[in-house]
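Each reported figure results from applying straightforward, stated rules to the coordinates on display, with no laboratory input. Remember, predicted model here, so these are calculated numbers, not experimental data. For neighbour counting, all protein chains shown are included, and Cβ atoms are generated from backbone atoms with ideal geometry for every residue, glycine included.
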Amino acid sequence: MKERYYIAWWNVENLFDVNNSPDRPAWLQQKLAGELAGWTKEVLKRKVQNLGKIIAMMNGGDGPDIIGLCEIENQNVFTWLLKNIPDINRNYKIVHHDMSDERGIDIAFIYDAEKFTFEESFNYVVLKRSATRDILQANFVTTSGNPLILIGNHWPARSGGEQETEPYRIIAAETMSYWMERIFEIRGSNIPVLVMGDFNDQPFNKSLSDYALSTSSRMKVLNSRSPRLLNLMWPFFGKIGGTYFFDNFPLILDQFLASKELLKKTGKIHLATDASDNYMVNIETIAPMVAMGDYLKPIFFSRPSEKGSFNANGYSDHFPVSVVLEE
């Protein structure tokens, strides 16, 4: 019998530890002092309860088998979040690396230890003039003994202008693509790799198409000798809005990119398809976090310091995305 794995990704929007946390370095506390005004233990508890409720509702109420997360400050907050996922009969564990981002936000994976064994992780430093988030690779093995590599990304933001900041995302894309080459050199090109993240660019932007080597062409990935990746988000253009909204425009910033092995139905782990032979990829517009309007938008939580937008009943400024793999 075939096993299916529900993999998700979510930018959970500024999930910081409490103001004046003893786990925060002094330089970061000074930098974040204004942002974290009013960010009390009670506010943090409400935020993680809201996020945990959505995570538990994924996958038809069974929760994800693995979820990649970004914009969480430290291990302490990850632990808080884990404790606030309602009981859904999961043995969740965390893969986390403390990154060098100038706002102290990290990437991590939560995985079900009954379905996956975590082997090791690597972080790739993205070099630019100011500190930025690393890229996090986590190597897993299924209970059947098959390897699966996940790579989490949170590329530099568009703050300061899309064109002005594009070179930074190109640097991140080049870094990731280089490590894809290294993975294939070390593990072989038939290793299944699923890349995910908030790329702060859309699939058609050149950081993704020209430098991360992602494409909408399945055959181009299968026939290429370079580490090309199939961008699984192309079918959503013009259909469901976006994963993030700016000035009321829907943007697809959160994406999955699949290596060639995941495209082969003969692969030990591959992308699952539905009855119409479409890949099972979704933007998770889960009801409690959806604001109705011209588009289905996520309900923000933000921070108490953002007095115009703070909403204790909110969740995140991004929708989660999900994909189903089959073994």
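List of remarks:
- Dipole of the stretch 201-303, positive end: most advanced residue of F237, H270, V281 [Cβ charges, Cα centre]: H270
- Packing rank of 48-56, 67-75, where each peptide gets the mean count of other beta carbons within 10 Å, highest leading: 67-75, 48-56
- Degrees, to the nearest 10: 162-187 long Cα axis against longest axis of the chain: 50 degrees
- Convex hull of the stretch 52-191 built on C-alpha atoms - directionally averaged projected area, nm²: 9.6 nm²
- Normalised contact order of the chain, rounded percent, pairs of Cα under 8 Å and 6 or more residues apart: 19 percent
- Taking only the Cα atoms of the stretch 256-327, the radius of gyration and Dmax are 17.4, 53 Å.
- Helix 41-61 axis versus longest C-alpha principal axis of the chain: approximately 30°, rounded to the nearest ten.
- Qualifying chymotrypsin sites (Phe, Trp or Tyr not before Pro) in the stretch 169-224, DSSP loop, other Cβ atoms within 10 Å at most 16: F204
- Cα centroid separation - the stretch 104-139 against the stretch 200-218, whole Å: 21 Å
- Check: the stretch 90-210 dipole with +1 on Lys, Arg Cβ and -1 on Asp, Glu Cβ, in debye: 120 debye
- Each principal axis of the Cα atoms in the stretch 14-326 has its own extent, and those three values, largest first, are 53, 45, 42 angstrom.
- Farthest toward positive dipole pole in the chain [+1 Lys/Arg, -1 Asp/Glu at C-beta], among L257, Q75, V221: V221
- Whole-Å distance, taken between Cα centres, linking the stretch 6-20 and the stretch 223-273: 22 Å
- Kirkwood radius for the stretch 146-304, taken over all pairs of different Cα atoms as the inverse mean of 1/r, rounds to 16.8 Å.
- Given +1 at the Cβ of Lys and Arg, -1 at the Cβ of Asp and Glu and no other charges, the dipole of the chain around its Cα centre is 280 debye to the nearest 20.
- Cα→Cβ-extended label distance, 7 Å offset, between E162 and S276, nm: 2.8 nm
- Candidates per GluC sites (Glu not before Pro) in the stretch 81-141, loop by DSSP, up to 16 other Cβ within 10 Å: E102, E114
- Cα centroid of the stretch 26-68 to Cα centroid of the stretch 282-314, whole Å: 14 Å
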